[in-house]
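Some notes on the structure that comes next.
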């Protein structure tokens, strides 16, 4: 039986895919090698792992306004995540998701990074503000 | 803002007559796309309406934009019908190069070409190319209660905290949208209730150097760790300088995504702790040992390939201090000092540039080190071990393959001479 988590904030199209999960932050500029499509900041818990086509489930958005442009640029090269799910999000990532048409959920009653297993298949439905663990 | 979209469930904001007209395309496609983007963002955050803004500041270096972003800008700039220029003073963050020294940086021609195309597009959109992240020191500081739409996290945190202005982090597409529409969604730090303190920090030591101000900002940023947190800080025993607060805020924003802090008795909204609700919060003490631990965590290698002063751009008096330290030295590794196009002419006029460059350093203008294809110029120049006095820069550059080290300006200049951090 699948489990459903409900967010308070949502944007974008309905998608499903494999979750890449960590209790860590996210900044497209600080944390990623956007050419290779992997996390590259040595201190990041997902360092070395590919985010391309994955549903990122992370703690929060970190500093750096560049992410607002970068999601769009990454998407045009097919190097973007499929969706991003945060416990808490800052405006930059929301602006970037709006600009780059990347699905986003944020704001849960529980720690979404603990609730979703790394590697799980999940479905994101922004209209219902829901994340379903398949 | 990228193209057609269905506002759907996000179109919950209360819109005025002009906003409805803009969305209906009555002012042209450029304002329509801009406002549509703003409605999507405002809807996500539950903004009730828009607030007029008086200035916008756009972060748009081409490493961030890429070819796709520049093409998108060029498409906007080529729009023939309707209004396509900004309605309010709209300025830019540093570019991705100093056009006069791109070869010296080891940048490829395509990087400079992309920069020139972006500049041309912005000019057609009516944007003023100030190319600075220290506009609050050099162009036009926002005032208390002034609603603005600023990009660059360092600009936002300084303007919110030190000036008492009101801005969220506005990424490039959103800041440009605000310039084009003259408004921004009313959420976050535009609202009184979001400006109250959420974390109370008590320090037992006041930093003396810019790198330690940055490190303290970084420690507090890590503790807060979330855009929506607002630290109120007690225990600073004197009024810091603008440059000290510049490094403090920029690092806090970089390490923790923080957009607003209060210093009790110093910043304008916190004459007293109770002004921001701090008296009801538990105290978290931060000692000098935590600041030293942060600095020590970056002390990986004594050898240095390059010394960089940037992020934020240097003020006139940071350049003067640097020039004083350069006199009589001869550098064995490159030393880069980065400032704004507003400061550079005065640094030239006062002889600071000449004194830094006589020792073998180089003063760059209108760019920022990490926004200038940092990964590619590292490969082109063989740079890996980098010394800087900017806590913000050490936080960023790990992701670009550097081994960044945090030290005082004096120690960094010494490293440029000997190739080693003492």
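The values are calculated or read from the model by the stated rules, or taken from the named source; none is laboratory data. Being a predicted model, the structure only gives us computed values, none of them experimental. Positions of Cβ are generated from backbone atoms using ideal geometry, with glycine treated the same way; all protein chains shown enter the neighbour counts.
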- request: Only residues that are at negative phi and either in contact (Cβ under 8 Å) with a residue 60 or more places away in the chain or within 14 Å of chain A (Cβ to nearest Cβ) (or both): list them for segment B:358-372, please.
  value: B:362, B:364, B:365, B:367, B:368, B:369, B:370, B:371, B:372
message: If I filter segment A:80-87 for residues that are more than 7 Å from every other protein chain (Cβ to nearest Cβ), under 29 Å from residue B:93 (Cβ atoms), touching a residue at least 12 places away in the same chain (Cβ under 8 Å) and surrounded by fewer than 23 Cβ atoms within 10 Å (Cβ to Cβ), do I get at least one hit?
response: yes
- request: Considering only segment B:140-259, give the helices (runs of 4 or more DSSP H) lying wholly within it that have at least 3 residues that are at pLDDT below 95 and within 14 Å of chain A (Cβ to nearest Cβ).
  value: B:242-256
field: Selected residue (criterion: farthest from the other protein chains (Cβ to nearest Cβ)) from residues of segment B:386-406 that are farther than 17 Å from residue B:252 by Cα and in contact (Cβ under 8 Å) with a residue 60 or more places away in the chain
entry: B:387
message: Could you tell me how many of the residues in segment B:223-246 are without any contact (Cβ under 8 Å) to a residue 60 or more places away in the chain and farther than 15 Å from residue B:278 by Cα?
response: 11
- request: Only one of these is more than 8 Å from every other protein chain (Cβ to nearest Cβ) and crowded, with 24+ Cβ neighbours inside 10 Å: A:38, A:57, A:52, A:65. Name it.
  value: A:57
- request: Would you be able to say whether some residue in segment B:308-322 is within 14 Å of chain A (Cβ to nearest Cβ) and closer than 25 Å to residue B:206 by Cα?
  value: yes
query: Is it true that residue B:33 is more than 12 Å from every other protein chain (Cβ to nearest Cβ) and either out of contact with any helix residue (DSSP H, G or I) (no Cβ under 6 Å at 6 or more places or on another chain) or without any contact (Cβ under 8 Å) to a residue 40 or more places away in the chain (or both)?
result: no
message: Please determine whether any residue of segment B:283-293 is within 14 Å of another protein chain (Cβ to nearest Cβ) and surrounded by 24 or more Cβ atoms within 10 Å (Cβ to Cβ).
response: no
query: Out of B:345, B:341, B:268, B:312, which single residue is under 24 Å from the mean Cα position of the chain (by Cα), in the same structural domain as residue B:404 (by TED's automatic domain parsing) and under 30 Å from residue B:195 (Cα atoms)?
result: B:312
- prompt: What residue, of B:393, B:397, is at pLDDT below 95 and either buried (at least 24 other Cβ atoms within 10 Å of the Cβ) or over 23 Å from residue B:133 (Cβ atoms) (or both)?
  reply: B:397
- request: Take residue B:42 and decide whether it is crowded, with 22+ Cβ neighbours inside 10 Å, assigned by TED's automatic domain parsing to the domain that holds residue B:106, within 25 Å of residue B:194 (Cα to Cα) and touching a helix residue (DSSP H, G or I) at 6+ places or on another chain (Cβ under 9 Å).
  value: yes
- line: When segment A:106-134 is checked residue by residue, the ones that are closer than 27 Å to residue B:12 by Cα and in a loop (DSSP other than H, G, I, E, B) are A:109, A:110, A:129
Unique residue being surrounded by fewer than 24 Cβ atoms within 10 Å (Cβ to Cβ) and outside the structural domain of residue B:38 (by TED's automatic domain parsing) when the list is B:203, B:162: B:203
message: Conditions first: (1) at pLDDT 95 or above; (2) part of a helix (DSSP H, G or I); (3) surrounded by 16 or more Cβ atoms within 10 Å (Cβ to Cβ). Residue B:20 passes all but one, so which condition is the exception?
response: (3)
